[in-house]
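Just below is one structure, and these are the notes that go with it.
The values are calculated or read from the model by the stated rules, or taken from the named source; none is laboratory data. Because the structure is a prediction, the values reported are computed rather than measured. Here the Cβ positions follow ideal geometry from the backbone for every residue, glycine too, while neighbour counts run over all protein chains shown.
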Amino acid sequence: MKAAVFLGGGRITGAMIAGLRLAGDRRAIVVHDRNPGKVRALRREFGVEAARDLKSALLRAEALRAEMLIVAVRPASVAELLEEIAACGVRMPELCVSLAAGIPLKKLRARLSAGVRWARAMPSPVCRIGRGLTALAYERGVARADRGLVRDFFELVGTVLEIPETRFDAFCTVFSPSLGYHALATLASAAEAAGLDRKTALTAGAHALADAILYWRESGQTLADLVGEAATPGGIAAATLDAMKRYGDEKAVAEGLRAGIRRARLNARL
């Protein structure tokens with residue numbers, strides 16, 4: 001069990017480290033962030049090693065023989081960070097993983113030495129409790145053993161799906177837990193307007209979403225069969241769903257996903 005180095009100490013880094021520690025993973029973790037307060041908080045909570053600057057982080061990666069370097073900064077900061085890494089002149093881990101949404105592998109590869117192998121990962125913040133989902137994509141030439149290292153690392157905090165990079169932006173837009181939070185908030189607000197108190201509205205909405213998904217996953221039935229079973233003609237559920245469709249819920253969701261994918265593609269230009 002070797003070390004991992006995170007460049008960026010924001011929310012997703014904190015969620016990843018929490019999930020790793022929850023899974024019993026005790027590898028050495030080094031974190032560097034321009035905001036020292038973020039790193040101090042991670043050190044207090046999880047016992048990570050704080051690197052005072054970028055060069056120190058890279059030197060620790062070399063000393064600890066870190067298996068991978070994880071780039072966990074905002075998309076707009078990736079280019080500058082990789083330029084700073086190249087200017088440090090420090091030998092890097094040969095395996096790098098980017099968590100930056102929308103930045104394609106070809107741009108990552110172009111900014112560092114040819115010896116670096118890249119993967120893209122998009123972990124859900126729910127990895128904090130070990131129930132996340134991570135999408136992975138690799139550049140050509142990443143060996144099976146290295147793919148296994150990346151996959152095993154992210155499987156410690158939840159389920160992993162390996163997909164072609166051409167589908168990465170669409171997948172990452174669809175699987176965001178923000179969609180679930182928004183669906184619950186929207187359903188609960190409508191329930192309040194229909195006369196329920198806030199607590200009851202949230203409880204009812206949460207069960208409608210969580211129980212349905214749980215049963216779908218465990219029953220093996222198709223969504224079409226389950227909708228047909230639950231929304232019988234002439235019933236309350238059927239009337240509710242028919243009205244939601246008439247008022248454009250399907251169109252609204254489709255437009256939302258398209259907007260998210262467009263944002264990811266704009267990030268690719270940074």
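Here are a few things to note about the model shown:
- Scanning region 152-183 for residues being in contact with a Ser or Thr (Cβ under 8 Å, 6 or more places away or on another chain) and more than 27 Å from residue 2 (Cβ to Cβ) gives a total of 3.
- Some residue of region 13-34 being assigned to a strand (DSSP E or B), acidic (Asp, Glu) and touching a residue at least 12 places away in the same chain (Cβ under 8 Å): no
- Among the residues listed as 148, 141, 132, the single one being in contact (Cβ under 8 Å) with a residue 12 or more places away in the chain, in the same structural domain as residue 167 (by TED's automatic domain parsing) and exposed (fewer than 13 other Cβ atoms within 10 Å of the Cβ): 141
- Qualifying positions in region 175-184 - in a helix (DSSP H, G or I) and surrounded by 13 or more Cβ atoms within 10 Å (Cβ to Cβ): 179, 180, 183, 184
- Out of 202, 226, 187, 209, one residue alone is surrounded by 11 or more Cβ atoms within 10 Å (Cβ to Cβ), touching a residue at least 24 places away in the same chain (Cβ under 8 Å) and part of a helix (DSSP H, G or I). It is 209.
Here is a yes/no grid of residues against (1) touching a strand residue (DSSP E or B) at 6+ places or on another chain (Cβ under 7 Å); (2) part of a helix (DSSP H, G or I); (3) under 21 Å from residue 66 (Cα atoms):
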residue: 77; (1), (2), (3): no, yes, no
residue: 93; (1), (2), (3): yes, no, yes
residue: 113; (1), (2), (3): no, no, yes
residue: 126; (1), (2), (3): yes, yes, no
residue: 147; (1), (2), (3): yes, yes, yes
residue: 167; (1), (2), (3): no, yes, no
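- Lone unmet requirement of (1) under 20 Å from residue 265 (Cβ atoms); (2) modelled with pLDDT of 95 or more for residue 106: (2)
Okay, residues lined up against (1) loosely packed, with under 14 Cβ neighbours inside 10 Å; (2) in the same structural domain as residue 152 (by TED's automatic domain parsing); (3) farther than 27 Å from residue 126 by Cβ:
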residue	(1), (2), (3)
14	no, yes, no
32	no, yes, no
39	no, yes, no
52	yes, yes, yes
80	yes, yes, yes
87	yes, yes, yes
91	yes, yes, yes
99	no, yes, no
111	no, yes, yes
